[in-house]
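A short worksheet on the structure shown next.
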Amino acid sequence: MGFQKHNSQPCAADQDLRCGDEAKLEVFPAFMKVAGKRVVIVGGGDEAAAKLRLLSETQAQLVVVAQNVSATMQAAIDVSGATLHRREWSFEDFADAALVFTALEDEAADRLVVEAARLSGAPVNAVDRPELCDFITPSIVNRAPVVVAVSTNGTAPVLARRLKAAIEQLLPSRTGALARFADAFRQAVAASGRDGRERRLFWERFFDGEPASAVLDGDMARACASTRQMLNEKEEGAGLVSLVGAGPGAEDLLTLRAHRVLQNADVVLRDALVPDEIVRMSRRDAEIISVGKRKGCHSKSQDEINALLIEKARAGLKVVRLKSGDPMIFGRAGEEIAALRANNIAYEIIPGVTSALAGAAEAEIPLTLRGTASSAVFTTGHDLKGELLPDWAGLALSGATVSVYMGRTVARQTAQRLQDAGLAASTPVAVLENIGRRDAKRLVGTIADLQHLPAEKKAKSAALIIIGEAVAGINLDKCEPLDAPANFTSHKEGLAA
């Protein structure tokens, strides 16, 4: 029996996904000023009560108009202090109202309220009836005066709630207190004689440093003292270089610290393997300089990169050296650190998820496996260019899981020399490409099959080769064979044995 053929006609969702990057907003986000103004809620049921609870976080004068009031609504009224008119609504209720909400749970009744409110000049929201609404109410994260609103325009309420929950975890409970504290010093900073760029640097130091930390800890005396000290200090002329790991390519594998540093950067020196999506997380007005190095094609030499880092930092700029993976693993960070130290340039290192860890996680390969592999080795295939086997080859022979970075062009040489040294031809091998991307590719076989791997590179990222018995734990359903597909079944059986 053959497979049932799916309808080949494109669906609307496919069209939306293809043009998603160019989609325009159906609604324009804005914040209404409601402090001291009347906001009217028509309805006394649970849906109306939910709106009242949301609005009770504002400084509006809340008015509820309803003939009957549920126990939930009465509790919300008692907590919020809203004024209750136990009667039918009238046109006069909407006069001078900043906003009107209707939740009568009947479409015809809600429509009448909508028409009346519009005649009175008040924007109106009909709960759960988006086609009748002048505005929509988003999910709100309240850290007053800091407010974050999340909306999917009614298309995915559960997603909106999840995004709200994620943002609430990111924002400390005293974020609002921090905003108010900063506002109290705005005039002093403006009067300090600093120009626009110097003011921006001051506030970055403020929010990254001791004043913000003290406010979030609730120690206002320490916050005031450290802020006044900053005001009396002159900003240091020298800049800062941040060596930042961008991870293997997936945007959500970038660390929170790396994202923050990118947002503060004046200059970003990017590698070719770092995706544009991550580079675009930089501050909008940051200078982006491509210094990418691919095999056989270097846009900048390492000496030129070092010179750029020093030049930009001496100009007092915040410089990010954005590297694929982790800067300390085959990222030539050591050479850059030495140059920065020699020139007395301040620097910091922001680690990233290296390809071996991300690739092993995606492919479900346990790099260490009790009873099989008790150690893991990260190395580069270029170590095999000499006549002698490198030290890591001995570890491979003793059962370690070896991850060979940038190994495609020396894959055949790696396989042959390891076999000549005594590694079994049947040792499992995985070749991982485009790690962390939607088009990730995973090839699996044995070390003898590496002879079938083409030397030329077609992937967007450098190939990672993982060698060792632990590779047998890979999820074979996500893999393609290194050799002819006809032999893949036997490989599956052999690896799974």
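The values are calculated or read from the model by the stated rules, or taken from the named source; none is laboratory data. A quick note: this is a predicted structure, and the numbers were derived from the prediction, not measured. Heads up, the Cβs are rebuilt from the backbone with ideal geometry, glycines too, and the neighbour counts pull from every protein chain shown.
So, in region 53-73, of the ones that are within 22 Å of residue 123 (Cα to Cα) and in a helix (DSSP H, G or I), which residue ends up modelled with the lowest pLDDT?
Among those that are within 22 Å of residue 123 (Cα to Cα) and in a helix (DSSP H, G or I), it is 54.
Exactly one of (1) assigned to a loop (DSSP other than H, G, I, E, B); (2) at pLDDT below 90; (3) at negative phi; (4) out of contact with any Ser or Thr (no Cβ under 9 Å at 6 or more places or on another chain) is unmet by residue 166. Its number?
The single condition residue 166 does not satisfy is (1).
Has region 150-166 got any residue that is touching a Lys or Arg at 6+ places or on another chain (Cβ under 9 Å), closer than 24 Å to residue 252 by Cα and in contact (Cβ under 8 Å) with a residue 12 or more places away in the chain?
Within region 150-166 (the criterion being touching a Lys or Arg at 6+ places or on another chain (Cβ under 9 Å), closer than 24 Å to residue 252 by Cα and in contact (Cβ under 8 Å) with a residue 12 or more places away in the chain), the answer is yes, since at least one residue qualifies.
Out of region 398-440, which residues are touching a residue at least 60 places away in the same chain (Cβ under 8 Å), assigned to a strand (DSSP E or B) and among the hydrophobic types (A, V, I, L, M, F, W, C)?
Correct list: 402, 404, 430, 432.
Residue-wise test of (1) buried (at least 19 other Cβ atoms within 10 Å of the Cβ); (2) more than 30 Å from residue 242 (Cβ to Cβ); (3) not basic (Lys, Arg).
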{"residue": "330", "(1), (2), (3)": "yes, no, yes"}
{"residue": "348", "(1), (2), (3)": "no, no, yes"}
{"residue": "351", "(1), (2), (3)": "no, no, yes"}
{"residue": "360", "(1), (2), (3)": "yes, no, yes"}
{"residue": "369", "(1), (2), (3)": "no, yes, yes"}
{"residue": "402", "(1), (2), (3)": "yes, yes, yes"}
{"residue": "412", "(1), (2), (3)": "no, yes, no"}
{"residue": "419", "(1), (2), (3)": "no, yes, yes"}
{"residue": "426", "(1), (2), (3)": "no, yes, yes"}
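Would you point out the residue of region 367-416, among those that are under 24 Å from residue 475 (Cβ atoms) and among the basic types (Lys, Arg), that is modelled with the lowest pLDDT?
It comes out as 408.
Between a residue in region 175-203 that is touching a residue at least 24 places away in the same chain (Cβ under 8 Å) and more than 18 Å from residue 316 (Cβ to Cβ) and any residue that is among the polar types (S, T, N, Q) and surrounded by 13 or more Cβ atoms within 10 Å (Cβ to Cβ), which pairs come within a Cβ distance under 9 Å, given they are 6 or more apart or on different chains?
From region 175-203, the pairs are 176/142; 181/227; 182/227; 185/227; 188/227.
So if I check each of 450, 443, which one is on the phi < 0 side of the Ramachandran plot and either in a helix (DSSP H, G or I) or acidic (Asp, Glu) (or both)?
450
Residues that are among the hydroxyl-bearing types (Ser, Thr, Tyr): find the helices (runs of 4 or more DSSP H) completely inside region 181-273 holding 2 or more of those.
220-232
Mind listing whichever residues of region 152-163 are of a type outside the set (A, V, I, L, M) and at pLDDT 90 or above?
Across region 152-163, the qualifying residue is only 162.
Restricted to region 96-119, and to residues that are more than 22 Å from residue 45 (Cβ to Cβ) and surrounded by fewer than 17 Cβ atoms within 10 Å (Cβ to Cβ), which residue is nearest to the chain's Cα centre (by Cα)?
Ranking the candidates gives 118 first.
Go over the candidates 50, 76, 95 one by one and state the one that is within 24 Å of residue 143 (Cα to Cα) and at pLDDT below 95.
Sole residue among the options that is within 24 Å of residue 143 (Cα to Cα) and at pLDDT below 95: 50.
Among 185, 181, which is the only one that is closer than 24 Å to residue 256 by Cβ, touching a helix residue (DSSP H, G or I) at 6+ places or on another chain (Cβ under 8 Å) and aromatic (Phe, Trp, Tyr)?
Every option except 181 fails the conditions.
Can you pull out the residues in region 143-184 that are surrounded by fewer than 16 Cβ atoms within 10 Å (Cβ to Cβ) and polar (S, T, N, Q)?
152, 153, 155, 169, 173
From the list 289, 278, exactly one residue is in contact with a strand residue (DSSP E or B) (Cβ under 8 Å, 6 or more places away or on another chain), within 25 Å of residue 440 (Cα to Cα) and free of Cβ contacts under 8 Å to residues at least 60 places away in the same chain. Which is it?
Within the list 289, 278, the selection yields 278.
Considering region 130-155 alone, what residues qualify as being assigned to a loop (DSSP other than H, G, I, E, B), within 20 Å of the chain's Cα centre (by Cα) and either of a type in the set (Val, Ile, Thr) or farther than 17 Å from residue 26 by Cβ (or both)?
152
Of these, 280, 341, 321, which one is more than 22 Å from residue 202 (Cα to Cα) and buried (at least 17 other Cβ atoms within 10 Å of the Cβ)?
That would be 321, the only listed residue that is more than 22 Å from residue 202 (Cα to Cα) and buried (at least 17 other Cβ atoms within 10 Å of the Cβ).
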